[in-house]
1. Average the reciprocal distances over every distinct pair of alpha-carbons in the range 147-301, invert the result, and give the Kirkwood radius in Å.
2. For the range 6-85, what are Rg and Dmax over the alpha carbons, in angstrom?
3. Ignoring everything but the protein chains, give the 1.4 Å probe accessible area of Met197 in square angstrom, nearest 10.
4. How fast does the chain diffuse by Stokes-Einstein, in µm²/s, taking the Kirkwood radius from C-alpha pairs at 20 °C and 1.002 mPa s?
5. Please compute the Kirkwood hydrodynamic radius of the range 191-257 from all pairs of different C-alpha atoms, in Å with one decimal.
6. Using protein chains only and a probe of 1.4 angstrom, how many square angstrom of Phe204 are accessible, to the nearest 10?
7. Any aspartates and glutamates with Cα under 19 Å of the Lys73 Cα? List them, leaving off those in the same chain fewer than 8 positions away.
8. Taking the Cα atoms of the range 71-228 alone, what are Rg (to one decimal) and Dmax (as a whole number) in Å?
Amino acid sequence: MSENRLGQVYAVLAFLFWGAIAPIYFKQVSSVEPLEVLIHRIFWSFIILIPLLFITKQVDIFKIIIKDVKKLKYLAFSTFFISLNWLVFIWAVANERIMETAFGYYINPLVSVFLGYVFFGERMTRYQNFAILIAFLAVLYQLISLGSLPLVSLTLALSFAFYGMIRKKINVGSIVGLFIETLILMPFALLGIYYLMINDKISFLNSSEYINIMLSLGGIITITPLLLFNGAATRMKLSTLGFFQYLGPTCAFLLAIFIYKEEFNSDKLITFSLIWLALVIFSLDSLNTKNKNKKSKESNS
């Protein structure tokens with residue numbers, strides 16, 4: 001199997017994990033307070049990442065970054081956004097709003113392009129502008145039809161877009177970066193455990209053996225797709241990898257309808273249709289730009 005094909009396999013597995021396995025997993029622990037589920041996700045990820053730093057020989061990189069005050073400041077912000085993203089996702093799955101998470105991750109690439117324009121002055125094509133306008137109309141339609149903003153979707157899209165933007169700016173490896181982020185979160189996680197214990201709200205070791213095991217798997221659920229994604233990113237072009245990202249929210253969308261029987265009425269059909277139209281335009285424009293750049297390089301060489 002070629003490296004590129006292997007990268008595609010890793011990409012499919014990563015996004016299947018994020019879009020299908022993760023929602024199913026968090027559904028299994030939906031009886032537990034979302035805060036405690038988040039704490040377990042942080043704690044067990046931190047525990048798993050310690051040996052991973054040594055296995056991947058990135059301890060020296062960690063030592064360099066931990067002394068870089070500027071990068072640590074940025075990582076503090078990225079920590080806030082990823083923890084917010086995790087908490088909202090956990091809460092949404094537990095409260096039968098998986099479809100809203102899918103909507104949020106469909107919007108995410110369009111939000112990322114817009115943030116690149118706002119914060120980095122990146123040029124947007126006419127079609128990207130059009131795609132973002134359609135996505136805005138989808139959110140506006142949901143506001144009108146439901147009488148409220150899709151806060152879960154917007155929070156997930158914005159938090160992950162800001163997270164990605166910050167991580168791109170500081171260019172820190174995913175394993176080292178996530179380790180530092182969980183390290184920053186550990187004191188808050190321990191405070192959270194203390195709060196749950198003194199208020200007799202902690203579920204771990206006070207629930208069924210199944211729940212205890214599932215909670216302790218929080219780190220694996222977090223780290224596995226990340227490693228698969230890294231394996232894909234190092235073996236294929238990022239522009240190609242970007243097209244695989246729609247697999248995640250599509251899996252979540254199908255899960256919400258066919259497995260968990262979430263309501264999918266005509267208003268939601270219109271909202272998702274607008275988003276799908278925006279993504280088709282966005283994807284075709286990205287493909288067209290990629291081909292133009294390729295031809296330009298060939299002509300200059």
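1. Numbers: mean 1/r = 0.0500 Å⁻¹.
Kirkwood radius, the range 147-301: 20.0 Å.
2. 15.9, 41
3. 120
4. Values: Rh = 20.6 Å.
Calculated translational D: 104 µm²/s.
5. Values: mean 1/r = 0.0654 Å⁻¹.
One decimal place: 15.3 Å for the Kirkwood radius.
6. 50
7. In chain and number order, the partners are Glu181.
8. 18.2, 56
The values are calculated or read from the model by the stated rules, or taken from the named source; none is laboratory data. Since we're looking at a predicted model, the values are computed, not measured. All Cβ positions, glycine included, derive from the backbone under ideal geometry; neighbour counts span all protein chains shown. Remember, those area values only see protein heavy atoms, side chains included, never the ligands or the DNA or RNA. Shrake-Rupley method; radii C 1.70, N 1.55, O 1.52, S 1.80 Å.
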